[in-house]
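These notes are about the structure you will find just below.
The values are calculated or read from the model by the stated rules, or taken from the named source; none is laboratory data. Note that the structure is a prediction, hence the values are computed from the model and not measured. Glycine also receives a Cβ, built like all others from the backbone with ideal geometry; neighbour counts cover every protein chain displayed. Surface areas here come from the heavy atoms of the whole protein model, side chains and all, with no ligands, DNA or RNA. Shrake-Rupley method; radii C 1.70, N 1.55, O 1.52, S 1.80 Å.
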Amino acid sequence: MDTNVEVEEVVLLAEDGTPIGTAPKATVHTDHTPLHLAFSCYVFDDQHRLLVTRRAGTKRTWPDVWTNSACGHPGPGEQIQDAVRRRLASELGLNISVLTPILPDFRYRAVMPNGIVENEICPVFQATVASGITPSPDPDEVGEYRWIPWAEFSTQVLSGAFEVSPWCRLQVQELAELDSGRWRP
């Protein structure tokens, strides 16, 4: 047994969002998932196209489901923007310098058909890359990806024509309601 394997931990939260401890990520997502800290990121190119990803089929939660560009969990003591950059680099091979919070107070709870629960305070960020950038996804995380114009994506998600993860659907609803002065794809 390799004792040097690092166990990924998530930050557990009280109802008011205060950190109250940590737990191994592998043990958190159950039918009684405690509230914990996460993040989502929407990566756009300079043509206002959104990078959407289909989660790998081996993911514990929502396998093979289309979603926003990337999601993850900051580790204990890790700044959330550093965690977003880490995840974009490891999951998609993208190095991002500027991140903009677009839904800093987003929170959701969703239950999969098998009873596994997501229960997260999940700030949402926006990043931009130049057109022509080609992601190099980690196949353990991402099954496939595509670039879709934001207007087309949001219209399809809101109409139900494009099935996405529950958190992505809720985030798109909130983003569609925001004043365009607060964020722009």
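Helical runs assigned H by DSSP (4 residues or longer) give the chain a calculated mean residue ellipticity at 222 nm of -6000 deg cm²/dmol, each run adding -39500 (n - 2.57) before division by the residue total. Over all orientations, the stretch 1-134 has a Cα convex hull whose mean projected area works out to 9.3 square nanometres. The listed residues Ile121, Ile20 rank as Ile20, Ile121 when sorted by accessible area, largest first, using a 1.4 Å probe. In this structure, the amide hydrogen of Val11, modeled 1.01 Å from its nitrogen in the peptide plane, lies closer than 5 angstrom to those of Leu37, counting only residues at least 5 positions away or on a different chain.
Relative contact order of the chain, taken over Cα pairs closer than 8 Å and 6 or more residues apart, is 26 percent. Taken over the alpha carbons of the stretch 92-159 as equal point scatterers, the Debye sum produces base-10 log I(q)/I(0) values at 0.19, 0.24, 0.27 Å⁻¹ of -1.25, -1.30, -1.18. Taking Cα centre as origin and charging only the Cβ of basic (Lys, Arg, +1) and acidic (Asp, Glu, -1) residues, the dipole magnitude of the chain rounds to 340 debye. With all protein chains kept in place, the per residue accessible area of the chain amounts to 50 square angstrom at a probe of 1.4 angstrom. For the chain, the longest principal axis of the Cα atoms and the long axis of helix 166-177 meet at an angle of about 40 degrees. Of the residues Arg169, Arg60, Arg86, the one that moves most in a GNM of the chain with alpha-carbon contacts below 10 Å is Arg60. Once the Cα atoms of helix 150-159 and of the chain are each reduced to a long axis, what angle between those two axes, in degrees from 0 to 90 to the nearest 10, is obtained? Approximately 70 degrees, to the nearest ten. Kindly express, to the nearest 10 degrees and within the range 0 to 90, the angle between helix 80-92's C-alpha long axis and the longest C-alpha principal axis of the chain. Approximately 70 degrees, to the nearest 10. Springs join every pair of Cα atoms under 10 Å in this Gaussian network model of the chain, and among Pro135, Pro113, Pro104 the largest mean-square fluctuation is at Pro113. A crude spin-label estimate for the pair Glu78 and Thr58, with each label 7 Å from Cα along the Cβ direction, gives 1.9 nm. Accessible surface of the chain, 1.4 Å probe: 50 percent of it comes from carbon and sulfur atoms.
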